[in-house]
Ligand code: SAH
């Protein structure tokens, strides 16, 4: 297999040569074919609360942003949204995401997870993306049935991390990731790309970090300046750099799952889907947040107005077409590349995401 070291990764990230970029994407596509094969997974995310106590400098839902209309979905609404996604649309993996919102205490979260996992007709993996909680809480939530976490480290540069997160430090964030892994969670994490003050060297480190953390999913996307945040006036991340980061991650950490994130589509439009899909990526994450809440989950401006990333019959159909036209196929279940027991899925998981044609029947 082709080996990339830190020096060649840095050189490729800095290169402006279109031929070199083409070569990089082609190689990443070949490695993807050899390792994770043709399957492309479509996952769903439910953004259940935009209340947040944190001070992350880049994030539009940060606590001090008083201009935002805040919402909290009730546990019943979260359960119903999740069960509909699994039973009607055929999703196999769902991310439940929120700001740092203590209203959802351990008991409420247990209730939600159990209600989803105990429905015998709903076989799925539940991922949590709820921020910093202590070891015992994550252990309890694992016992309740959660099996994954989406928890970005945002940058592997400790000084930059501290500047952007006055209320946390990188070591603490990584400690959380490590104990989540120790408990047994599949971990999804990665950097924001194009943060003010971020260097190419630190982006290279981010890729090796993802590998060394043994992540199940490398989740990365461009920084997009959000109004009413300390970084509102900064430049957004560069699309080409994100594309190269995806391709290099495929070369350096070949078996990892790499989703195409909403932020990348927001900046790059539809064309970026095909570029990323044929340059190392192998998953999508569609938005399942109920329409009345969606537009207030504004971690960056207009996030949930990106129609291509919102679940609808048309979106799934379009996505399925795109996936086939790239010579690939929609993944059935979580995929075959992880060792999970049947109970993790609450039974077997043999049916794929329901296409709109099937749903109309
Ligand atoms: N509270 C959870 C979820 C945070 S929001 C947690 O702490 O993990 C989910 C992710 O959105 C963040 O981890 C960050 O990487 C991304 N994000 C936030 N603001 C952003 C922005 N302005 N541009 C692009 N991505 C952003």
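All of the numbers you see were taken from the coordinates with simple rules; none came from a lab. Bear in mind the structure is a predicted one, so any value in this text is a computation, not a measurement. Here the Cβ is made from the backbone with ideal geometry for all residues, glycine too, and neighbour counts use every protein chain on show.
Things to note:
- The gain in end-to-end length when the residue 6 to residue 106 segment is fully stretched comes to 31.9 nm, 0.36 nm per residue minus the alpha carbon separation.
- Rounded, prolate or oblate (a/c below 1.5 giving rounded, otherwise prolate when a/b exceeds b/c) for region 6-342 by Cα gyration tensor: rounded
- Gap separating the Cα centres of region 118-175 and region 67-81, nearest whole Å: 20 Å
- Modelled this way, with points 7 Å down the Cα-to-C-beta line, the labels at residue 22 and residue 167 are 4.9 nm from one another.
- DSSP beta bridges fully contained in the chain are about 5 percent antiparallel.
- The order of 111, 103, going from fewest to most other C-beta atoms within 10 Å of their C-beta, is 103, 111.
- Cβ-based exposure ranking for 303, 66, 10, in which fewest neighbours within 10 Å come first: 66, 10, 303
- Arranged from fewest to most other beta-carbon atoms within 10 Å of their beta carbon, 149, 330 become 330, 149.
- Potential extension, residue 136-residue 201 segment - 0.36 nm per residue separation minus Cα distance: 19.8 nm
- Value at 222 nm in deg cm²/dmol, rounded to 500, when DSSP H runs of n ≥ 4 in the chain each add -39,500 (n - 2.57): -12000 deg cm²/dmol
- Cα centroid separation, region 1-25 to region 183-248: 17 Å.
- Highest-MSF residue in the chain out of 167, 157, 206 [GNM, Cα springs under 10 Å]: 167
- Fully extending the segment from residue 14 to residue 88, taken as 0.36 nm per residue of separation minus the present Cα-Cα distance, adds 22.1 nm.
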